[in-house]
Each structure stands twice: as structure tokens, then as C-alpha cells.
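Before anything else, here's the structure in question.
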Amino acid sequence: MNQNIIFTNVSGHPDLEKPIPASKNIPSWYSDLNSYIGNKKMPTIDGTNPSTIKKCMPVFDLMVAGYLIKSPTDVFVSSINGEPYYQWPTLEVISFHPIEQAPNHPDQNGVTYPKWINNWSIKTPKGYSTLFIQPVHRESVFKILPGLVDTDTYHAPVNFPFVLNDPNFEGLIPKGTPIAQVIPIKRENWAMQFGEEKERSEQLRVAQRLNTAFFDRYKTMFRQVKVYK
């Protein structure tokens, strides 16, 4: 049975860019890449697998996990007095946090933190939170500061502070640019343990099974399909 994640437009603008499943926005660097080095599906002389990152299912599964919220307008970044200056045409899309609110954050770049104003509220089923991260494996001139919100109880829009990867960047961030990846996760309590002989034996069986095939071993033997519609 599918769980439902509900996105609600709170802006009053009927033509606001809608969130989309992340699987609907595969970056071109990935889709254009051959699955195998030299475009040849054959073992190398020493018997190793010549696959590229395109065949790495953990990379793919994270890239297409959840949903993408997109910029509702163009944003143009220029520079005034050595600091980034942001302009947008209509709907307000950016506000700011003083650097003093997170002066020692590892991603801070010496200037005020801009923040994407998100006009979509999110509601998840009871027991589910939402992880907000920078859209992964996608080229971007900025990076949001990730966060985790209990969206089964908190339904107000979550905004996204960010930093420019290059504080001297000047140029256009086009309307429709993915600004946040939204991944619903189930809340559970966890306790850390360390494996012993049983776990070592299980790991050995996994390795032995992997060694029976050349191609798509994790995908065909162990991967579980995840669905986000």
C-alpha cells in the first residue's frame, strides 16, 4: 500500500512550479553516460567488471529518492560591494539570515545566508518525517543546509537556507531549478550493536553469492525497488 505525501500550495499563485518525483529529473551527465567503460559489456582481462557509475544502484536509488521542489522564478545573482545581490521578477523567493546565526558552520562562505522561500507545505502520515537535502548528483551553483522535519505534526512550509558554492558567482539561476530534495522517512528508535560470528557468516554468504555473476549483482540479488509517484 502506498503512503501519501501531500504538497499544498500556500502561495496563492495557481501557476507555481509543482514538486515532481526526483525520478522525473535525471541529470544529463547521468543519462548520457555509457553503462560500461568503452561501451562494452564484457569482463576485463583480469575478470573485473567494467561498469561505470551509471550501474551503481545506490547512486541511482538516492538520486531518484523522494521529490524535488523547484525554484518558482528566475533568480539573478550579481555583486554589490563584494557581496552577492539577488534579484527576482515577481513572487518573493529569497530572504536572508545574518551570518551570526551560524558563524562557524562548515559551509559558511563569509557572507549572509540567503534562504529559499518554499511555498509548499508538506504533510506525511503519522510516524513519518521528511528529510530535506541538496538535490544529489545534480550540478548546482548553491547548496542548501539540510534538515529533518516531523511533517506528520508540522505542516507549515519549510524554507531552505543555502550558500553559493562560489561566493563570487554571478549569473542566472533559472526558474524550475531543483532547490531541495524531499525524502519521507519512517521514524523508529534505534540502538547500535556490533556484529559477531553470526554476522560475519552472513557477510561471507553475501560475498560468495556476489562472486557468482559478472554484471548487475547487487541489483538482481539484493536491491529492493523504491517507488515515489
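The values are calculated or read from the model by the stated rules, or taken from the named source; none is laboratory data. Fair warning: this is a prediction, and the values are worked out from it, not measured in the lab. Counting neighbours? That spans all protein chains shown, and the Cβs are built from the backbone with ideal geometry, glycine included.
Residue check, GLN87 against (1) within 17 Å of the chain's Cα centre (by Cα); (2) over 30 Å from PHE214 (Cβ atoms); (3) surrounded by fewer than 13 Cβ atoms within 10 Å (Cβ to Cβ), all met but one. Which one?
Every listed condition holds for GLN87 apart from (1).
With respect to GLN108, determine if the residue is surrounded by 13 or more Cβ atoms within 10 Å (Cβ to Cβ) and at pLDDT below 95. Outline the logic, then answer.
Details: surrounded by 13 or more Cβ atoms within 10 Å (Cβ to Cβ): yes; at pLDDT below 95: yes.
Here the answer is yes, as GLN108 does meet what is asked.
Hey, could you check region 179-206 for residues that are free of Cβ contacts under 8 Å to residues at least 60 places away in the same chain and assigned to a strand (DSSP E or B) and say which is surrounded by the most Cβ atoms within 10 Å (Cβ to Cβ)?
Ranking the qualifying residues of region 179-206, first place goes to ILE185.
Checking VAL111 against (1) in contact with an Asp or Glu (Cβ under 9 Å, 6 or more places away or on another chain); (2) outside any loop (DSSP other than H, G, I, E, B): exactly one of these is not met. Which one?
(2)
Yes/no matrix, rows are residues, columns are (1) assigned by TED's automatic domain parsing to the domain that holds VAL227; (2) without any contact (Cβ under 8 Å) to a residue 24 or more places away in the chain:
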site	(1), (2)
HIS13	no, no
SER35	yes, yes
LYS40	yes, yes
THR44	yes, yes
SER51	yes, no
MET57	yes, no
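Right, something else. Could you grab me the full set of residues in region 156-178 that are at positive phi and either more than 18 Å from the chain's Cα centre (by Cα) or in a strand (DSSP E or B) (or both)?
Initially, region 156-178 is screened for residues at positive phi, giving 171, 176.
Result: GLY171, single match.
Counting just the residues of region 34-52 that are surrounded by 13 or more Cβ atoms within 10 Å (Cβ to Cβ) and under 18 Å from TYR218 (Cβ atoms), which one comes out farthest from the chain's Cα centre (by Cα)?
LYS41
Let me ask something else. Scanning for something without any contact (Cβ under 8 Å) to a residue 40 or more places away in the chain and not in a strand (DSSP E or B), does region 62-79 turn up at least one residue?
Taking region 62-79 first, the residues without any contact (Cβ under 8 Å) to a residue 40 or more places away in the chain are none.
For region 62-79, residues without any contact (Cβ under 8 Å) to a residue 40 or more places away in the chain and not in a strand (DSSP E or B): absent.
Could you please find all residues in region 43-81 being out of contact with any His (no Cβ under 8 Å at 6 or more places or on another chain) and aliphatic (A, V, I, L, M)?
Of all residues in region 43-81, those out of contact with any His (no Cβ under 8 Å at 6 or more places or on another chain) come to 43-58, 60-61, 64-71, 73-81.
Scanning region 43-81 gives ILE45, ILE53, MET57, VAL64, ALA65, LEU68, ILE69, VAL75, VAL77, ILE80.
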